[in-house]
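Student: Quick one: structure below, then a few questions.
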Amino acid sequence: MKIKGKAYRTIWLAPDGWSVEVIDQTRLPHEFSVIPLKSAEDAARAILSMQVRGAPLIGATAAYGLAMAIRQDASDEAIDKAVEFLAKQRPTAINLRWALEEMRRAVQNLPREERVAAAYKRAADICDEDVETCRLIGVHGKALIDDIARTKGNGEKIEVLTHCNAGWLACVDWGTATSPIYQAHDAGVPLHVWVDETRPRNQGASLTAYELGSHGVPHTIVVDNAGGHLMQHGKVDLVIVGTDRVAANGDVANKIGTYLKALAAKDNNVPFYVALPHSTIDWALQEGLSIPIEERSADEVLKMPGRLADGSVVTVEIAAPGSPAGNPAFDVTPARLVTGFITERGVCPATREGLLSLYPERAGE
Ligand code: MRU
């Protein structure tokens, strides 16, 4: 996507041909800055600190992190160690483990001297495949938006609500939940997006709004608790969110608060779609409540960063001093609340059968 007229992906190989560069998302929306990652340790730190975040992007970053580790030591033991080290940085998004296993598979049967080139090739392919996957999610999701536009008629605006950031910043390009929005907008479909601010880290207010604004998509930031009210008043035609892991039965883990949006959507007959690439499906997990939920620092709840009038960025305390805070980063939306999945292979019901209709090769797992 373009920032100030220049096209960016979220991760790319540096001119040296072996390290990578990423956009530091902890500095957005106030500052667009690029940081180098020169080792598996750098990649792990960027994932843990959320300089890179979003399920597909942490997978892509870990893939390059592992390639850099293999460049240092291509032995089986070193690769196993690096895989475990990178995988433990964030537990909920399955894309992280998926990307690392893809990398391991790409090198494990090769002689050591061929492993570095093969690792960099697979990491680059993971990135390119993510771009194409997200583009296709957009094609299928746009068809849903077109249907709603036809039903509404009269060139009326389509009102979409989204939670957190499942945009191009969370992927390599396009995004999952935002790809249909970008493609509909680019095709001239009139739409407007309600952007949940997404406490505690405000990925909606700081990242999704930044993305949509940079692309000229009309949008409004709302507090996380506004969704139910907007739906009750007929102001939402469609909810589209991303996901960090989908269990084989269709249960969906996504940013904390997604479940409440799905409940409100069900109560108000608003279609609730989840956009995802195949790498987000955990075929080994039978139901969503066994998905590990990341518990993050209480500081994210008790403090908030912001920019002062003089341009400096500071963090302020916002809670009663001494009060403890809990910070589960994700929740699980039961499949029964999900209208459907938007994938790179098409749209399907949020059930095991629905998923298998698009991925028949996974039957029997
Ligand atoms: O904690 P984050 O910012 O990594 O959480 C991101 C989300 O919850 C996204 O919705 C999810 O990763 C899907 S990204 C296409």
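Student: Name the residues in the stretch 241-274 that are closer than 22 Å to residue 144 by Cα, out of contact with any His (no Cβ under 9 Å at 6 or more places or on another chain), within 12 Å of the ligand (Cβ to nearest atom) and part of a strand (DSSP E or B), would you?
Tutor: Within the stretch 241-274, 246, 252, 274 meet the criteria.
Student: Pairs, please: C-beta under 8 Å, at least 6 apart or cross-chain, first residue part of a loop (DSSP other than H, G, I, E, B) and in the stretch 201-219, second within 12 Å of the ligand (Cβ to nearest atom)?
Tutor: 201/50; 201/300
Student: When you scan the stretch 30-136 for helices (runs of 4 or more DSSP H) that lie fully inside it, which ones turn up with 2 or more residues that are modelled with pLDDT of 95 or more and closer than 28 Å to residue 205 by Cα?
Tutor: In the stretch 30-136, the matching helices (runs of 4 or more DSSP H) lie at 40-48, 55-72, 94-107.
Student: Which of the residues that make up the stretch 71-99 are crowded, with 19+ Cβ neighbours inside 10 Å, more than 16 Å from the ligand (Cβ to nearest atom) and under 16 Å from residue 61 (Cβ atoms)?
Tutor: 82, 83
Student: Specify the residue that is nearest to residue 328 (Cα to Cα); the eligible residues are those in the stretch 203-226 that are away from the ligand (no atom under 15 Å from the Cβ) and of a type in the set (Gly, Ala, Ser).
Tutor: The qualifying residue nearest to residue 328 (Cα to Cα) is 226.
Student: A further question on this structure: Can you work out which of the residues in the stretch 191-202 that are within 13 Å of the ligand (Cβ to nearest atom) and in contact with a His (Cβ under 9 Å, 6 or more places away or on another chain) is nearest to residue 301 (Cα to Cα)?
Tutor: Only one residue tops the list, namely 198.
Student: For the list (1) under 19 Å from residue 135 (Cα atoms); (2) not in a strand (DSSP E or B), I need the number of the one condition that residue 160 fails.
Tutor: Evaluating residue 160 over (1) under 19 Å from residue 135 (Cα atoms); (2) not in a strand (DSSP E or B) leaves (2) as the failure.
Student: Oh, and also: Can residue 49 be described as surrounded by fewer than 16 Cβ atoms within 10 Å (Cβ to Cβ), in contact with a Lys or Arg (Cβ under 9 Å, 6 or more places away or on another chain) and free of Cβ contacts under 8 Å to residues at least 24 places away in the same chain?
Tutor: No: the conditions fail for residue 49.
Student: Here's something else I'd like to know. Counting only residues that are part of a helix (DSSP H, G or I) and under 15 Å from residue 350 (Cβ atoms), which one in the stretch 279-296 is nearest to the ligand (Cβ to nearest atom)?
Tutor: 280
Student: For the stretch 315-330, enumerate the residues that are surrounded by fewer than 20 Cβ atoms within 10 Å (Cβ to Cβ), touching a residue at least 40 places away in the same chain (Cβ under 8 Å) and outside any loop (DSSP other than H, G, I, E, B).
Tutor: 328
Student: What residue, of 188, 153, is away from the ligand (no atom under 14 Å from the Cβ), farther than 24 Å from residue 340 by Cα and either in the same structural domain as residue 234 (by TED's automatic domain parsing) or buried (at least 22 other Cβ atoms within 10 Å of the Cβ) (or both)?
Tutor: One residue alone meets the criteria, 188.
Student: So residue 237 ticks every box in (1) touching a Cys at 6+ places or on another chain (Cβ under 8 Å); (2) away from the ligand (no atom under 16 Å from the Cβ); (3) charged (D, E, K, R) but one. Which box is left unticked?
Tutor: (1)
Student: Every residue in the stretch 242-287 that is among the aromatic types (Phe, Trp, Tyr) and under 24 Å from residue 159 (Cα atoms), please.
Tutor: 259, 272, 273
The values are calculated or read from the model by the stated rules, or taken from the named source; none is laboratory data. The structure displayed is predicted, hence computed values, not measured ones. As a convention, Cβ positions derive from the backbone with ideal geometry for all residues, glycine included, and neighbour counts pool all protein chains shown.
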